[in-house]
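Structure, as structure tokens:
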Amino acid sequence: MSELNRDIIYLILKELKDDKKSFHTCILVNKTWCEMIIPILWKDPWKYLKEGNEILLLNVIISHLSDESKEKLTQHYKVLLYHKPLFDYIKFCKHLNLIEIERIINLRFPIIENEIINLFINENTKFTHLYIGAYQYNYQIHLIPGAKQCFSELQFLSCNTRMNDDILIGLTDICKSIKELELSIEVDNNNYGIIKLIEAQKKLCNIRFLTKPFSKNESSFCEILEKSLIKHENNIEYFMMTRQPITRILSYFTNLKYLELVDNSCPTTWNCLENLSFPHLQILKGRRVPINILTNLIEKTSGYLIEIKIDHIPHNEINNKRIFQAIYQNCPKLKYLKLLLKNNNILELEKLLNNCQYLNGLYIIFEDVWDGGVVIDWVHFFKILTKSSPIKLYKFKFHYNNAPDLDTLKLFFEDWKDRHPMLLQTIQYYNTYKNESYDLIEKYKAKGIVKKYDDALSEFAFEDFEWLNKDVLYLIFEELKVDKRTLHSCLLINKSWCEIIVPILWKDPWKYCWTRNGKLLLNVIISHLSEQQRDNLGQHFNFLTKSYKKPLFNYVSFCKHLNFNEIKRIINNIDEKSEISIIENEIINLFIKENTRFTHLYIPCQFNYQIHLIPGAKWCFSELQFLNCNTSINDTVLTGLMEICKSIKELSLSIEKDSNNYKIFKLIETQKKLLNVHVLANHQRFDEPFCKALENSLIKHANFIQYFKTNKQPITKFLSSFVNLKRLELDDNFHYMIWNYLENLSLPFLQILKAKGVPIKVLASLIENTGGYLTEINIEMVCHDEINNKRIIQAIYQNCLNLKYLKLLFKNNNIVELEKLLIKCQYLDGLCIIFEDNWDYNIIVDWDYFFKVLIKSSPTNLYKFKFIYKWTPGLDTIKSFLDGWKGRHPMLLQTQYLENLYLNLMAKYKVEGIVKKYDYMRNFDDFEWILRKSDYNSFFTDYIR
């Protein structure tokens, strides 16, 4: 069951909102993505505004004005014709930036300033963020009709301390829920009314006091301002200041988690911070603040610091040693560190690496940045990194004046082999070895030692602890890998996205391969062969051309699933059947080599190729996690795999009716931790002695096996040994088995139960003997009477209080039992109902009663429905159901037949927000309401061409 839906993609896209170029291109992926991205972009449109683009944004805003206002505009200016916008962009805006609005209006259309501001401030909008410019800003925004509604839930305010008195009083009356306050403090003429605004807030959490560089602020105002924060001392978690405090206000913030100190003034002592204790501090940033003050702060924390960033503070070797010691003695949970490193303190760095085992990113400023005469001991430094870096540390930034020589860099990369591929950034004003180092790093990227490298002429080219958002993107695209259309569109976003998506697609390229595009895939694989190899093959195969170009990626190196079933299939489609073994040898040897490690292996029936004897095979299959094979597997191949593969976690076996290889039991027994087992019989009559021995061989892994799937009834009671089983799938393909060995079976940790054609009394007994952890039950293709139907429904609501998804037949007379189930299973999220008339056409479903129960008793989380029936409910009945659903979560509805009768009705209820989506059920998997089965299809037809 895929959980991918609009809500998840929305959260994903929110994470990418700062990557403007990628984000804008995402709009072109498809309509769904566009509909989600536009509101995110327009939540704060001002942050994406570049100089020179102001008129473009203003034109979009003007397009929302009334025709009368546009006419007024054309009387004064020559303007473009404004069409009605595709979206009501203004309503998405949550950040009202009056600084930017005033700036872009004054550039061209000052006459309509009032109308533009009134366009944003109205009763239909609620802003979370408000930015007000300098003290000259006098527009009385608090008096505009709807302002009280607009600003009643304001969470962030950025303003100047010379702010207009009337506006300040108005905001103080309206705004009581500000959590973040950013104040630009002026030298004089500050408005003391800001103190009342601060005191009026219920829970002020984040404070930023900003001053102009090298300015002296009004001391009396600053002192009162600082003291006004005492009311919020227990709530303030984030504090930033660009000058030293006048009072000891920081000593009150005992729950502070984030502290950023910047000295914008002439050098000051910051003595007021001495002996301060912040027991809950998690992030500390210091810029131009004395190193001894920051060391004291770190020493007084309680071990929660996860990020430390200290820069632009030249200091001596003794103070450098002291701060390193303070960090590794007090910050065991540290994840990110930016700090100057003195040459003679490399051993202190080693101690830090040993003590801070959660370290994930390290930004080192080398001593020669401040003193060009210092020679960095790169050999010692790199030796310490490779020897002592914790497992999670693979992100590095090095800021230096003189680069390491190529031999030293090469040795560093060689020693990093077998660790997590590193993300490396270097900052240097002049690089003597630039071209040579690029070539060297590209070599180690190909080897998988360096994942990404960037260099810069300035420390400001990157955010301090930002190497790339590829880690997040990778997780995103892993979730999207079944949605072929979207993933294919994402390939075109930019180079970075392409570089992430291609390895995901090629991790298992066979899953996307159809019969008609097998030759396309074969051509891409052949393009990886040497020119000589292709010439040799060209002598035997007419379909090969001389137009093969070097592929843009080494696609084969990304492959983690080696599927000989598919390789055999696409090769067998070649016309020259007698020469097939020639091309088969070349392709198998292309995949199996020392530079590749497979996690999944699929071996077809009658496969005799001695893959274990190929050079590099031991490396290739040493970490195999999944094996799919036939129990009549070739003896030599099986023996070879037994010697290599010890870490298989998932085993899928196809059982033949005879000629089964009993050595398969030794393969099973040699595995360290077998978790998932699929046993699928290919024939109605199967080899019972072999199956009995197979079931007994699995008992060794009884404590580990969590997932078991079979299409034949067990011969023994071996399932009773699987005490930790979490997922059980039973499919009676042959429709004759009684499954009596499952009766009275207890599986206390079972979470998912799927069954087809299995007797209902057996399944009811199974459910009755679970421990309350079942979250998904899928039962179908089993006809049963009213009594057994009542029993299984009762078994579910009495034993499955955590149930989220249910597919089950409901008899007409058991709708009362359904109501009890809905009341007791409060976590239910998706319901697939098989109605009685689907089995007996003479039955008339009591739709009115059924829908009444759904409306009355469905838990809050339940809004996804699938209905499988023979006779369609009437239009008035459906209308009554949807009217009764008003005020609940918009429904996702699928029916067995796409009723044309319903389409117009559903469109109406979509507009009203009662139905979110209506679909034909057969296009979707059982518990999937969003992603169609067609989205699982091949990307090769579109992509490889």
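The values are calculated or read from the model by the stated rules, or taken from the named source; none is laboratory data. Worth saying up front: this structure is predicted, and the values here are computed from it rather than measured. Please note: Cβ atoms are built from the backbone with ideal geometry, for glycine as well, and neighbour counts cover all protein chains shown. These area figures cover heavy atoms from the full protein model, side chains too; ligands, DNA and RNA do not enter into them. Shrake-Rupley method; radii C 1.70, N 1.55, O 1.52, S 1.80 Å.
Can you tell me which of (1) in a loop (DSSP other than H, G, I, E, B); (2) surrounded by fewer than 16 Cβ atoms within 10 Å (Cβ to Cβ) is the one N354 doesn't meet?
(1)
Quick check on my filter: what residues within segment 705-721 are part of a loop (DSSP other than H, G, I, E, B) and modelled with pLDDT of 95 or more?
Within segment 705-721, I705, Q706 meet the criteria.
Quick one: what pairs do we get from segment 393-410, first residue touching a residue at least 60 places away in the same chain (Cβ under 8 Å), second polar (S, T, N, Q) and outside any loop (DSSP other than H, G, I, E, B), C-beta under 6 Å, 6+ apart or different chains?
From residues that are touching a residue at least 60 places away in the same chain (Cβ under 8 Å), the pairs are K397/Q425.
Do any strands (runs of 3 or more DSSP E) lying entirely in segment 780-881 carry at least 2 residues that are of a type outside the set (A, V, I, L, M, F, W, C) and open to solvent by less than 50 Å² (accessible area, probe 1.4 Å), and which ones are they?
Qualifying strands (runs of 3 or more DSSP E): 805-810, 864-868.
Suppose we filter segment 618-646 for residues that are open to solvent by 70 Å² or more (accessible area, probe 1.4 Å) and in contact (Cβ under 8 Å) with a residue 40 or more places away in the chain; how many remain?
The qualifying residues number 0.
Residue-wise test of (1) more than 33 Å from the chain's Cα centre (by Cα); (2) farther than 24 Å from Q625 by Cβ; (3) not assigned by the TED database to the domain that holds F626.
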site	(1), (2), (3)
F686	yes, yes, no
P689	yes, yes, no
F704	no, no, no
N724	no, no, yes
W739	yes, yes, yes
P748	no, yes, yes
L753	no, yes, yes
G757	yes, yes, yes
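Look through segment 416-431, keep the residues that are more than 16 Å from K392 (Cα to Cα) and open to solvent by 90 Å² or more (accessible area, probe 1.4 Å), and return whichever of them is modelled with the lowest pLDDT.
Here is the first cut: in segment 416-431, the ones more than 16 Å from K392 (Cα to Cα) are 425-431.
Still in the list and also open to solvent by 90 Å² or more (accessible area, probe 1.4 Å): 429-430.
Values: Y429: 63, Y430: 60.
Looking at residues that are more than 16 Å from K392 (Cα to Cα) and open to solvent by 90 Å² or more (accessible area, probe 1.4 Å), I get Y430.
So, in segment 573-584, of the ones that are open to solvent by less than 60 Å² (accessible area, probe 1.4 Å) and within 16 Å of N608 (Cα to Cα), which residue ends up modelled with the lowest pLDDT? I'd like the intermediate steps shown before the answer.
Residues of segment 573-584 open to solvent by less than 60 Å² (accessible area, probe 1.4 Å): 574, 576, 579-580, 582-584.
Adding the requirement that they be within 16 Å of N608 (Cα to Cα) leaves 580, 582-584.
Details: I580: 76, I582: 82, I583: 84, E584: 84.
Residue satisfying both the conditions and the ranking: I580.
Run I567 past the list (1) modelled with pLDDT under 85; (2) crowded, with 18+ Cβ neighbours inside 10 Å and report the number of the one that doesn't hold.
In the conditions (1) modelled with pLDDT under 85; (2) crowded, with 18+ Cβ neighbours inside 10 Å, I567 misses (1) alone.
Of the residues S277, S302, S251, which single one is closer than 25 Å to K212 by Cα, open to solvent by 30 Å² or more (accessible area, probe 1.4 Å), among the hydroxyl-bearing types (S, T, Y) and touching a Ser or Thr at 6+ places or on another chain (Cβ under 9 Å)?
When all the criteria are applied, what remains is S251.
Could you say which residue among N320, N343 is of a type in the set (S, T, N, Q) and open to solvent by 10 Å² or more (accessible area, probe 1.4 Å)?
N343
Going residue by residue through segment 928-943, is there one that turns out to be at pLDDT 70 or above, open to solvent by less than 50 Å² (accessible area, probe 1.4 Å) and of a type in the set (S, T, N, Q)?
So the first thing to find is which residues in segment 928-943 are at pLDDT 70 or above, and the list is 928-929.
When the remaining residues are screened for being open to solvent by less than 50 Å² (accessible area, probe 1.4 Å), the result is 928-929.
From what's left, of a type in the set (S, T, N, Q): none.
No, because not a single residue in segment 928-943 is at pLDDT 70 or above, open to solvent by less than 50 Å² (accessible area, probe 1.4 Å) and of a type in the set (S, T, N, Q).
Here are the criteria: (1) of a type outside the set (A, V, I, L, M, F, W, C); (2) under 12 Å from S389 (Cβ atoms); (3) surrounded by fewer than 19 Cβ atoms within 10 Å (Cβ to Cβ). Tell me which single one K333 does not satisfy.
For K333, the exception is condition (2).
Condition check ((1) closer than 21 Å to F92 by Cα; (2) open to solvent by 60 Å² or more (accessible area, probe 1.4 Å); (3) in contact with a Ser or Thr (Cβ under 7 Å, 6 or more places away or on another chain)) across all residues:
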residue: E115; (1), (2), (3): yes, no, yes
residue: I121; (1), (2), (3): yes, no, no
residue: N124; (1), (2), (3): yes, yes, no
residue: Q140; (1), (2), (3): no, no, no
residue: I144; (1), (2), (3): yes, no, no
residue: S152; (1), (2), (3): yes, no, no
residue: T172; (1), (2), (3): no, no, no
residue: L181; (1), (2), (3): no, no, no
residue: D188; (1), (2), (3): no, yes, no
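Pick from segment 647-682 the residues that are among the small types (G, A, S) and within 14 Å of I633 (Cα to Cα): which of them is least open to solvent (accessible area, probe 1.4 Å)?
Out of the qualifying residues, it is S652.
Out of (1) open to solvent by 10 Å² or more (accessible area, probe 1.4 Å); (2) in a loop (DSSP other than H, G, I, E, B); (3) touching a strand residue (DSSP E or B) at 6+ places or on another chain (Cβ under 8 Å); (4) not polar (S, T, N, Q), the odd one out for E729 is which?
Answer for E729: the failing condition is (2).
Given (1) open to solvent by 40 Å² or more (accessible area, probe 1.4 Å); (2) under 24 Å from S858 (Cα atoms), identify the lone condition not met by N744.
Result: N744 fails condition (2) only.
Before we move on, is N769 open to solvent by less than 70 Å² (accessible area, probe 1.4 Å) and in contact (Cβ under 8 Å) with a residue 60 or more places away in the chain?
No, not satisfied.
Which of the residues that make up segment 259-269 are crowded, with 20+ Cβ neighbours inside 10 Å and not aliphatic (A, V, I, L, M)? Lay out the reasoning, then the answer.
Residues of segment 259-269 that are crowded, with 20+ Cβ neighbours inside 10 Å, as a first pass: 259, 261, 263.
Correct list: D263 only.
Being of a type in the set (S, T, N, Q), crowded, with 20+ Cβ neighbours inside 10 Å and closer than 18 Å to M240 by Cβ: is that true of N206 here?
Working: of a type in the set (S, T, N, Q): yes; crowded, with 20+ Cβ neighbours inside 10 Å: no; closer than 18 Å to M240 by Cβ: yes.
When the stated conditions are applied, N206 does not pass them.
Looking at segment 214-233, which of its residues are within 15 Å of E199 (Cβ to Cβ) and in a loop (DSSP other than H, G, I, E, B)?
Hit for segment 214-233 is E233, nothing else.
Which of the helices (runs of 4 or more DSSP H) contained wholly in segment 28-122 include at least 2 residues that are touching a Gly at 6+ places or on another chain (Cβ under 8 Å) and at pLDDT 75 or above?
It comes to 98-108.
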